[in-house]
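All of the numbers you see were taken from the coordinates with simple rules; none came from a lab. Bear in mind that the values here come from a model prediction, so they are computed numbers and not experimental data. Using ideal geometry, Cβ is built from the backbone for each residue, glycine included, and neighbour counts are taken over all protein chains shown.
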Amino acid sequence: MKIFEQLRNNKGTVSSALGKKLAQKALEGDADILKEAYLALSGEFTDDAAVVERAGYKVKLYRGDYRNIKITTPQDLLLAEMMAGN
């Protein structure tokens with residue numbers, strides 16, 4: 001999905017969004033590969049896909065949908081309710 005927001009690093013420097021995409025977290029994969037990847041690696045990762053990729057496996061990307069939102073805040077819940085027509 002295209003990025004419409006401006007990207008900044010921790011120092012406040014603007015980073016180009018050209019060539020970058022937003023990623024929605026995958027909900028499907030091989031549990032054995034994921035377990036193997038976590039056991040083989042250490043460090044900090046942003047998500048399971050990053051761990052699997054760092055372990056040398058290929059991660060498949062599919063076109064996302066902006067309506068597929070993650071509900072983690074009260075504002076997210078309000079947005080979901082508006083999208084559902086409530």
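The table below lists the values:
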{"item": "Ordering of 75-83, 8-16 by packing [mean C-beta count within 10 Å, highest first]", "result": "75-83, 8-16"}
{"item": "Sorted largest first, extent of the chain alpha carbons per principal axis (Å)", "result": "44, 35, 23"}
{"item": "The chain: Lys pairs at Cα distance under 29 angstrom, eight or more positions apart or on different chains", "result": "28"}
{"item": "Highest-first arrangement of 35-41, 45-51, 62-68, where packing means the average Cβ count within 10 Å", "result": "45-51, 35-41, 62-68"}
